[in-house]
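Reading through the structure tokens given below for one structure.
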Amino acid sequence: MTPAQPPHMIVGGFNRREDWAITLIWKYNDVFVSKLVSRFLGQTPFNQDTVADIFGILNEHTGHFKSLNDITRFLNSTTINICRDELKKRQTQEKHEAGLIYHYRSMEEDDIEIAEAVARQQMLVRLQIARIPGKSGQIFRMQFVQYLTHTEIAQRLGISEKTVRNHLSAAVRFLKMGFADGRRRYAYALVILLLIYLYENF
């Protein structure tokens, strides 16, 4: 499109930041800048905002232009720089979001695996405890499920504390036998190290 005003007058008016010249510069270059933005960033709802930012940078430029071509070159280089910066921001954001997604998915997968492993081991331990025979099983559960002391167990069952300890020792031996094979060695470690914790919700 040919300017209605002579080019030198438009440039002079723009250098003085006269509204009519600014409007003409925008009008003559809007399509060019918009296409360049779309070429770099694709068609997005935010392209016009980017175009407006580019013209805003032009309007804030403190130097004086000698020709319309100078203004066009300035818009061209500014558009390329703005678009490259935007692409870098997008790439950084995408990497960040991808990293977060991977992190949270990994956490979720780890949590699921841990929960499943703990549930399996708790089930094994509970099944084995349920199999402790006779009074040894009863006393074991009184201590680790009901949190009764040796004295309290002895009083309730009408037996000596030494007998309580003997039954508990028998219960532990039974558990050791149940978890003696290699496949259940980890569960046995849980019995030894986490016994009280595991039976808070037994």
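Counting charges near Asn81 (Lys, Arg +1; Asp, Glu -1) among other residues having Cβ under 12 Å from its Cβ returns a value of -1. Label separation (Ser77 vs Lys162): 10.0 nm, computed from points 7 Å beyond Cα along the C-beta direction.
Summing +1 for each Lys or Arg and -1 for each Asp or Glu among the other residues whose beta-carbon sits under 13 angstrom from that of Arg141 gives +4. Quick one: if the Förster radius is 30 Å, what FRET efficiency do Arg17 and Gln91 give, using the C-beta to C-beta distance and rounding to 0.05? E(calc), rounded to 0.05, equals 0.25. The modelled label-to-label distance for the pair Ser67/Tyr147, using points 7 Å beyond Cα in the direction of Cβ, is 8.9 nm. Using the Cβ-Cβ distance between Ser38 and Asn59 with R0 = 22 Å, the FRET efficiency computed as 1/(1 + (r/R0)^6) comes to roughly 0.50. Among the listed pairs Lys35/Lys89; Lys27/Lys88; Lys135/Lys176, those whose Cα-Cα separation exceeds 27 Å are Lys27/Lys88.
Readers should treat all values here as calculations from the given coordinates under stated rules, not as data from a laboratory. Quantities reported herein were computed from a predicted structural model and do not represent experimental measurements. Reconstructed Cβ throughout: ideal geometry from the backbone, glycine too, with neighbour counts over all protein chains shown.
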